[in-house]
Amino acid sequence: MSFFTSLSGLKGAQSDLAVISNNVANVASIGFKKSRAEFGDLISASPLQSGNVAGQGTRLKSISQQFTQGGFQTSDRALDLAISGQGFFVTQTGSQMSFTRNGSFSVDENRYLVDSNGAYVQVLPVDTSGAVTATGISSAQNLQVPLSAGRPKATSALDLSATFPSDADLPANRSAYTATFPYKFDRYDSQSYNYSSATTVYDSAGNPQQATIYYTRVSAPTATDTTSKWEARLFVGDQQASADGLPITDPPAPLELTFAADGSLTSPSAAIQFSSVLPSGASEPIGINLSYNTSTRQAASTFTPGAFHQDGKAAGQLNNVAVGSDGLITATFSDGTTSKLGKIMIANFANPNGLRQLGDARWGSTGLSGEAIVSEAGSGSAGLIQSGALEQANVDITEELVALITAQRNFSANSKAIETANNMTQTIVNLRS
């Protein structure tokens, strides 16, 4: 029997070595939890048997997972997440739910949040304020990160201001123009106008177009007329809009600005509806109602364009995705809007050691683990979420190397016991010779 007793010890030492080797091999695996081999002795006993019975060896009772917290490795990715405290991330592939501490998440080609195995990360639904609207494992849903938000709006009104210099010359009087080459406005000829200013406007599909206004001084104050006049020509993209609102006017009419002797703007006194134009790249015509606010004036200074205010916008493009400590995922868009997408689902179990290992730092629930207790991060026993971090394996390499030496010694000792039993048996066999 001593052969079989020692053989059980060899098998036990082999199992111990396998568990330790697995721990060491996964020291760099994100979210990995080390294991421990647990053994029990074998006793052959009956109710009437005395206590002076030698044991029958050892057996492997279980390989127990150690769900202690691993250290955090910082990351530059907002979707690299770690749980500080208890709980598991919930992922789903088809109908199979799995639970993991590996928070290396990314967005797939369909904009869904997935883990490193391509499984969908599960979140709790939230309202516009970020409050959870449904709880429980049945409320789990996949998270799709949108690329845009809101509806585009075509520019219909443009409000602006500018300060015009009172000593500006008249382009028509410049030496570049003669009787042979008379003056004519040309946006590509900088001699034909004094100043220009530009801003971005949008069509109904949110496509941007550059709106440029060219200013030309046409008259200066005289002894009989103290007013000063300028012409403003509005171009949207490559098309000029007409200030009379008629698309058939050719060439398009400019808007006349009149300033009094004190520099105040006297005309126009109300908004001017320019004709609609269809520039290259626009999906629909753009018609702009242009107005100059009361800060527009003529003074002894340089030309100073004021702020443009236009009422159009493009659909907001995704700028950033952030994850809060409570697991709330918030998307920020280029138009300044934000959207609450969902809260990372955290699952806990009454007996985590009863979970079934699935590989890649994932576990599945069993009857021994109990059903998943789902909550949001920071609620109840669920830990908090740390964005920009990954949980390292909880393997202490020094401890594992010491355990490796111990297991090796155990294996050698059991081998020696078998050798000793063999020598004893051989001695008995040789008694008759």
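How high is the relative contact order of the chain? Use alpha-carbon pairs under 8 Å, at least six apart in sequence, and give a whole percent.
Relative contact order of the chain: 24 percent.
What's the magnitude of the charge dipole for the stretch 105-257 around its Cα centre, counting Lys and Arg as +1 and Asp and Glu as -1 at the beta-carbon? Answer in Debye, nearest 20.
With Lys and Arg at +1 and Asp and Glu at -1, about 60 debye.
Quick one: ranking Phe39, Phe181 by accessible area, 1.4 Å probe, largest first, what do you get?
Phe181, Phe39
Let me spell out the model: positive unit charges on the Cβ of Lys and Arg, negative unit charges on the Cβ of Asp and Glu, origin at the Cα centre of the chain. What dipole size does that give, in debye rounded to 20?
Here the size comes out at about 1780 debye.
At 1.4 Å probe size, put Leu60, Leu79 in order of accessible surface, largest to smallest. Intermediate values should be presented prior to the final figure.
Numbers: Leu60 70, Leu79 25 Å².
Descending accessible area places them as Leu60, Leu79.
Give me the angle, in degrees from 0 to 90, between the Cα long axis of helix 397-429 and the longest principal axis of the Cα atoms of the chain, rounded to the nearest 10.
That works out to roughly 20 degrees.
For Glu371 and Ser276, FRET efficiency with R0 = 56 Å and r from the beta-carbon atoms, rounded to 0.05?
Efficiency, from the Cβ-Cβ distance: 0.35.
Scanning the chain for GluC sites (Glu not before Pro) in DSSP loops with at most 14 other Cβ atoms within 10 Å, what's the longest stretch left with none?
110-370
Can you return the aspartates and glutamates within cross-link range of Lys153? Criterion is Cα-Cα under 17 Å, with same-chain partners fewer than 8 residues away left out.
Candidates past the 8-residue exclusion: Asp203, Glu284, Asp311, Asp335.
I need the semi-axes of the equivalent ellipsoid of the chain: take the C-alpha gyration tensor, multiply each eigenvalue by 5, square-root it, list largest first in whole angstrom.
After diagonalising the Cα gyration tensor, the semi-axes are 85, 21, 17 Å.
Would you kindly find the accessible area of Arg36, with a 1.4 Å probe and non-protein molecules such as ligands, DNA and RNA excluded, rounding to the nearest 10 Å²?
Taking all protein chains as shown, Arg36 has close to 120 Å².
Under 26 Å Cα to Cα from Lys343, which lysines show up? Leave out anything in the same chain fewer than 8 places away.
Those lysines meeting the cut-off are Lys33.
Can you find, among Ser275, His309, Thr296, the residue farthest towards the positive end of the dipole of the stretch 255-351? Put +1 on the C-beta of Lys and Arg, -1 on that of Asp and Glu.
His309
As an exercise, find the ratio Rg/Rh for the stretch 50-177 from alpha-carbon atoms, using the Kirkwood inverse-distance average for Rh. List each step's numbers first, then the result.
Numbers: Rg = 31.6 Å, Rh = 21.7 Å.
That ratio equals 1.45.
Would you work out which of Thr427, Ile385, Thr366 lies farthest towards the positive end of the dipole of the stretch 364-433? Charges go on Cβ: Lys and Arg +1, Asp and Glu -1.
Thr427
What value, in deg cm²/dmol to 500, does the helix sum -39500 (n - 2.57) over DSSP H runs of n ≥ 4 give at 222 nm once divided by the residues of the chain?
Value at 222 nm, helices only, nearest 500: -4500 deg cm²/dmol.
If we restrict to alpha carbons, what Rg and Dmax does the stretch 148-241 come to, in Å?
17.1, 59
Averaged across orientations, what area in nm² does the convex hull of the alpha carbons in the stretch 305-433 project?
Averaged projected area of the stretch 305-433's Cα convex hull equals 17.7 nm².
Give me the angle, in degrees from 0 to 90, between the Cα long axis of helix 2-25 and the longest principal axis of the Cα atoms of the chain, rounded to the nearest 10.
Tilt of helix 2-25: around 10 degrees.
Considering only DSSP states other than H, G, I, E and B, which chymotrypsin sites (Phe, Trp or Tyr not before Pro) in the stretch 86-190 qualify as loop sites with at most 11 other Cβ atoms within 10 Å?
Tyr188
The values are calculated or read from the model by the stated rules, or taken from the named source; none is laboratory data. Note that the structure is predicted; figures quoted are calculated from it, not measured. Counting neighbours? That spans all protein chains shown, and the Cβs are built from the backbone with ideal geometry, glycine included. Areas reflect the complete protein model, heavy atoms only, side chains present, ligands, DNA and RNA absent. Shrake-Rupley method; radii C 1.70, N 1.55, O 1.52, S 1.80 Å.
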